[in-house]
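The values are calculated or read from the model by the stated rules, or taken from the named source; none is laboratory data. None of these values were measured; they are calculated from a predicted model. Don't worry about glycine lacking a Cβ; one is built from the backbone with ideal geometry, like all the others, and counts go over all protein chains shown.
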Amino acid sequence: METTLEPTAPVKLTAKDFTSDQEVKWCPGCGDYSILKQVQTVLPNFVTEKEKVVFVSGIGCSSRFPYYMDTYGMHSIHGRATAIATGVKAANPELNVWVIGGDGDLLSIGGNHFIHMLRRNPDIKLMLFNNEIYGLTKGQYSPTSPKGTVAKSTPAGSVDEPFNPAELALGAKSSFFARTLDRDPKHMQAMITRANGHKGTALLEIYQNCPVFNDGAFFIFTEKDTKKEEALYLEQGKPLIFGAGDSKGIKLDGFNPVVVDLTTGASKDDLWIHDEADKNKAFILAGFADNTETHLPRPFGVYYQTNRSCIEDDMAAQIEAAKTKKGKIPLNRILSGEKTWAIV
Amino acid sequence: MSYEKNIDPSNVLSFGEDLGEVKPSRITETKQIESLVIRFSGDSGDGMQLTGMQFTDTTALLGQDLSTFPEFPAEIRAPAGTLAGVSGFQVHFGSKEIFTPGDMYDVLVAMNAAALKNDLKRLKRHGVVIVNVAGFDSKNLKLAGYPEGSVSPLEDNTLDGYTVYKIDVTKHTKDALKESKLSMKEIERCKNMFVLGVLFWMFDKSMEFTLQFLEEKFGKNPEILEANITALKSGWNYGDHTEIFTTRYQTAPAKLPAGVYRNISGNQALAIGVIAAAEKAGLQIFLGSYPITPASDILHELSKYKANGIKTFQAEDEIAAICSAIGAAYTGSLGVTSTSGPGLALKSEAMSLAMMLELPLLICDIQRGGPSTGLPTKTEQSDLLFAMHGRHGEAPLPIIAAATPSDCFDAVYEAITISIEHMVPVIFLSDGYIANGSEPWRFPTEDNLKPINVKFLTENNNPGGKLLPYKRDNRGVRPWIKPGTKGLEHRIGGLEKQNETGNVSYDSTNHELMVKLRAEKVAKIAERIPLLKPDSGEEKGKVLVLGWGSTYGAIKTVMNELHAEGYKDVSHVHLRHMNPFPKNLGNLLNGFDKVLIPEMNTGQLLQLIRAKYLVPAIGYSKVQGLPFDTDEIKAKVLEIYNS
């Protein structure tokens, strides 16, 4: 199986090496196909030992993902992939762990584990396939469906406010948040690569089209006639510019984002310069989606990235410190405890 | 482990009856006693648990057999002085073998009116009461629920017939510490040490171990250390110099089997059992747990052993606790989760997943009074049917139940062995009574422990073809495959699997086959379980008492009494393997005219036994949050025997 010609330089893996023998069974036109393809395409760029890769998922259409990857994988139970993956990573930090889940799986039934994983920051890549609907249970509204969504369980429209995943993540101290789209393969590949490069929990939200139950939910961000006006691509150190022919920009008026027209005198020098390290600005970017005062484009790209310690490393460090300080306690001493007496 | 101990045949007087004869005298005499029960009772803030534990440790180190029963309220600090705030610690010790903390006590230490009111009912006739009179002022009486203006129970006829020692513990403690720079509140906190000193004198026990304990506990705080030592010694001197005490009592060491002993609680024994099993198996421990009474001590205990590479993870909830442990087990660690009833309910879905994945996992349920929040600090055996059936789909799991505090070690060691060697989650059942209770334990050494056979698959088990992660050996066990093993990449999951390949399969006959294969694997564990023998009595007879879990001590005590009284045709069988049952259980049941099953529930083992073996077993139920009294079981056995 292994080449012995160049033992020091492992043979570069290909997308095919990450493709399992199982037939992919998503609906025709599902955005998940694109995500699977992009993951299989970019993984060979940074994975040399695929036996160290573990994909963990919960329940939902997207959670079938691990079956299609020729790596280690576990298709677990609804909402719990994050908790299971935390155990995998904490027990063996050597493993390269990925979690796949949908908006219902990660934000509804798994909401608790989701926020706690973010605050603990294990070095896990967390891919949130957001289609704003429940697919596998056949079309109920989800915790990211806009209020008023008419679906099977809400014939008169949903009455609850949706989560804003970016705000939720930042509030839970996520160390990395990025957003991409199923219909922009190039951008998605770049974002997967960025997520992989982040040490810590990297949350990548992917707008994913469900052609059966919520077709076109994100078309304004992906289709030719609207995307220029509605999608804003973030780049580190660059001003926030969007619109046809880069005609518009965003500047900050205090904490308020304001759209300016670059064709009628506004200067690029006054625009908001994107800084991934600025958490305050990340919160403002997250709020674009909910801004009712001004119509703002939806930002895509890395909103926020910071370096902080990972739970598995802190756990291992405590163990190392205890080993250095006390040395391993012999089993016989543990069995006997501190105080014993003899009966003869 | 063997429960056999040699009974000391010396026929010394028992303490309770003897005291009625004691007359005040200036001469202190010393009496030998065979066994004795002391109840320390006070307010939650009075330090009764610590006092009781110190008395127990000293007693243990002097070589006496013992059994303890800490009983405390669910509230951390219920309003001081009220009945709700009473915290008790009961210890039964002596030179004979001891199996229970005792039904009634010989000595009651009551730190306030509420403690006396709450606990006097179980003091033996002619027993000794030591009261802190400072806890009986009008405010304390009112808090204890005595009507306004009523006479103190120290002044009316409440204590007639008992030997009463009235001591102003609070005042004596303050006097002893008048030089101390501590605040009055801190000084008052030392009064439990004063009482302990009095008791050490009264029962002729050395202060040495407690002095050592205080050094360790308060070494960094010299003022507090000094105050506690002074209070302890003052208590001793009070006993020695005042003339109110006429008698001191001595207990000889118990004639237990030769060996080296330590005192241990059930939760400690469980934690040590996990450590021992992991070391013998060569596995890293990963404990995922969420705090819950009375299981939290397992998390606390295992968290102390970081130097041994043990990973403990306080999860955000019970579900994440078990799920993280499943994740760890998947990577090749010994995954453990610990909880009590409400937590077990939350783990149910994940237990089915672990069963379906066929990964080893230890699930510890320290049972408490239920349903719902129920009686968090009280004991019960009411999760047996939940452990047996509390999963969706066809998901049988092995269940192991511990009988005594020290037996938690052996039982959990076996549970882990089965889990690993059969690739199956195992439920370990204990309860609040044995989890918090303690007893002397002739602990094993590393060499005495049975090896645990761990095998990880490292090469394709289907040469020339695809890996078969669900290919079984002749015991029906699939291989354990660690992620990171080159060439063995595969996927597992909760969807039904095709036999052997593990690929998703919705085929109807395959599903039925898989359900059967998983159940057969668990059933086959009976092959390794030793045949069951009566713990006492013969294999055939008139009445069989069938027990499980923490009722062991009470039943054992009853059996000793009945056999001594000539009821030779009564036997006791104690179950550790609740699923699968030992292969010869049916034969044993059929060897008796009548089968009695005492349980701290409404008849859960009873249902399982009747359903499986079709024997007309008789249940004896107690659901008061308290363990059985030996008298209760004895009366029931005799009733059935004579009917």
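When restricted to residues that are under 26 Å from residue B:194 (Cα atoms) and in contact (Cβ under 8 Å) with a residue 40 or more places away in the chain, segment B:128-157 contains 9.
Of all residues in segment A:44-82, those satisfying the criterion of being among the hydroxyl-bearing types (Ser, Thr, Tyr), assigned to a loop (DSSP other than H, G, I, E, B) and in contact (Cβ under 8 Å) with a residue 24 or more places away in the chain are A:48, A:71.
Residue-by-condition table, conditions (1) under 25 Å from residue A:339 (Cα atoms); (2) of a type in the set (A, V, I, L, M, F, W, C); (3) surrounded by fewer than 24 Cβ atoms within 10 Å (Cβ to Cβ):
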{"residue": "B:37", "(1), (2), (3)": "yes, yes, no"}
{"residue": "B:40", "(1), (2), (3)": "yes, yes, no"}
{"residue": "B:45", "(1), (2), (3)": "no, no, yes"}
{"residue": "B:63", "(1), (2), (3)": "yes, no, yes"}
{"residue": "B:67", "(1), (2), (3)": "yes, no, no"}
{"residue": "B:74", "(1), (2), (3)": "no, yes, yes"}
{"residue": "B:78", "(1), (2), (3)": "no, yes, yes"}
{"residue": "B:117", "(1), (2), (3)": "no, no, yes"}
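Is at least one residue of segment B:436-451 among the polar types (S, T, N, Q), assigned by TED's automatic domain parsing to the domain that holds residue B:279 and touching a Pro at 6+ places or on another chain (Cβ under 8 Å)? Checked segment B:436-451: at least one residue is among the polar types (S, T, N, Q), assigned by TED's automatic domain parsing to the domain that holds residue B:279 and touching a Pro at 6+ places or on another chain (Cβ under 8 Å). Is it true that residue B:492 is within 14 Å of chain A (Cβ to nearest Cβ) and out of contact with any helix residue (DSSP H, G or I) (no Cβ under 7 Å at 6 or more places or on another chain)? Spelling it out, it is not the case that residue B:492 is within 14 Å of chain A (Cβ to nearest Cβ) and out of contact with any helix residue (DSSP H, G or I) (no Cβ under 7 Å at 6 or more places or on another chain). Across segment B:332-356, the qualifying residues are those that are at the interface with chain A (Cβ under 7 Å from one of its Cβ atoms) and closer than 21 Å to residue B:482 by Cα, and the one among them that is farthest from the chain's Cα centre (by Cα) is B:353. Identify all residues within segment B:98-117 that are out of contact with any strand residue (DSSP E or B) (no Cβ under 6 Å at 6 or more places or on another chain) and part of a helix (DSSP H, G or I); write none if there are none. B:113, B:117 - these are the residues of segment B:98-117 that are out of contact with any strand residue (DSSP E or B) (no Cβ under 6 Å at 6 or more places or on another chain) and part of a helix (DSSP H, G or I).
Here is a yes/no grid of residues against (1) away from every other protein chain (no Cβ under 14 Å); (2) assigned to a strand (DSSP E or B); (3) touching a residue at least 12 places away in the same chain (Cβ under 8 Å); (4) loosely packed, with under 13 Cβ neighbours inside 10 Å:
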{"site": "B:465", "(1), (2), (3), (4)": "no, no, no, yes"}
{"site": "B:468", "(1), (2), (3), (4)": "no, no, yes, no"}
{"site": "B:472", "(1), (2), (3), (4)": "yes, no, yes, no"}
{"site": "B:475", "(1), (2), (3), (4)": "yes, no, yes, no"}
{"site": "B:483", "(1), (2), (3), (4)": "no, no, yes, no"}
{"site": "B:511", "(1), (2), (3), (4)": "yes, no, yes, no"}
{"site": "B:515", "(1), (2), (3), (4)": "yes, no, yes, no"}
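One line per residue, one yes/no per condition, for (1) under 30 Å from residue A:342 (Cβ atoms); (2) charged (D, E, K, R); (3) modelled with pLDDT under 95:
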site: B:442; (1), (2), (3): yes, yes, no
site: B:445; (1), (2), (3): yes, no, no
site: B:451; (1), (2), (3): yes, no, no
site: B:456; (1), (2), (3): no, no, no
site: B:459; (1), (2), (3): no, yes, no
site: B:469; (1), (2), (3): no, no, no
site: B:473; (1), (2), (3): no, yes, no
site: B:477; (1), (2), (3): no, no, no
site: B:481; (1), (2), (3): no, no, no
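Going residue by residue through segment B:388-407, is there one that turns out to be surrounded by fewer than 24 Cβ atoms within 10 Å (Cβ to Cβ), at positive phi and touching a Pro at 6+ places or on another chain (Cβ under 9 Å)? No, every residue in segment B:388-407 fails to be surrounded by fewer than 24 Cβ atoms within 10 Å (Cβ to Cβ), at positive phi and touching a Pro at 6+ places or on another chain (Cβ under 9 Å). Can you pull out the residues in segment B:46-73 that are away from chain A (no Cβ under 12 Å) and small (Gly, Ala, Ser)? Answer for segment B:46-73, where residues must be away from chain A (no Cβ under 12 Å) and small (Gly, Ala, Ser): B:47, B:52, B:67. Taken together, the residues in segment B:316-331 that are crowded, with 22+ Cβ neighbours inside 10 Å and within 7 Å of another protein chain (Cβ to nearest Cβ) amount to 10.
Considering each residue of segment A:70-104, count those that are more than 7 Å from every other protein chain (Cβ to nearest Cβ) and either over 21 Å from residue A:169 (Cβ atoms) or of a type in the set (Gly, Ala, Ser) (or both), and give that number. Give the derivation first.
Taking segment A:70-104 and keeping what is more than 7 Å from every other protein chain (Cβ to nearest Cβ), we get A:78-79, A:81-82, A:89, A:93, A:96-104.
Still in the running and either over 21 Å from residue A:169 (Cβ atoms) or of a type in the set (Gly, Ala, Ser) (or both): A:79, A:81, A:93, A:96, A:101-102, A:104.
Within segment A:70-104, residues that are more than 7 Å from every other protein chain (Cβ to nearest Cβ) and either over 21 Å from residue A:169 (Cβ atoms) or of a type in the set (Gly, Ala, Ser) (or both) number 7.
When the test is whether a residue is at the interface with chain A (Cβ under 10 Å from one of its Cβ atoms) and within 22 Å of the chain's Cα centre (by Cα), residue B:276 passes it. Taking segment B:118-153 as the range and being assigned to a helix (DSSP H, G or I) and either in contact with a strand residue (DSSP E or B) (Cβ under 7 Å, 6 or more places away or on another chain) or not hydrophobic (A, V, I, L, M, F, W, C) (or both) as the test, the residues that pass are B:118, B:119, B:120, B:121, B:122, B:133, B:135, B:138, B:139, B:140, B:142.
Those helices (runs of 4 or more DSSP H) of segment B:558-643 in which 2 or more residues are under 27 Å from the mean Cα position of the chain (by Cα) occupy B:604-613, B:630-642.
Look through B:231, B:295 and report the one residue that is buried (at least 23 other Cβ atoms within 10 Å of the Cβ), touching a strand residue (DSSP E or B) at 6+ places or on another chain (Cβ under 6 Å), at pLDDT 95 or above and away from chain A (no Cβ under 14 Å).
Working: B:231 fails: touching a strand residue (DSSP E or B) at 6+ places or on another chain (Cβ under 6 Å).
Just one listed residue meets the conditions, B:295.
In the set B:459, B:489, B:421, only one residue is in a loop (DSSP other than H, G, I, E, B) and either assigned by TED's automatic domain parsing to the domain that holds residue B:278 or surrounded by fewer than 18 Cβ atoms within 10 Å (Cβ to Cβ) (or both); that residue is B:459. Assess whether residue B:156 counts as being out of contact with any strand residue (DSSP E or B) (no Cβ under 8 Å at 6 or more places or on another chain), at pLDDT below 95 and either of a type in the set (D, E, K, R) or not assigned by TED's automatic domain parsing to the domain that holds residue B:83 (or both). Judged against the criteria, residue B:156 is a match.
Within segment A:53-63, not a single residue is among the hydroxyl-bearing types (Ser, Thr, Tyr) and at the interface with chain B (Cβ under 7 Å from one of its Cβ atoms).
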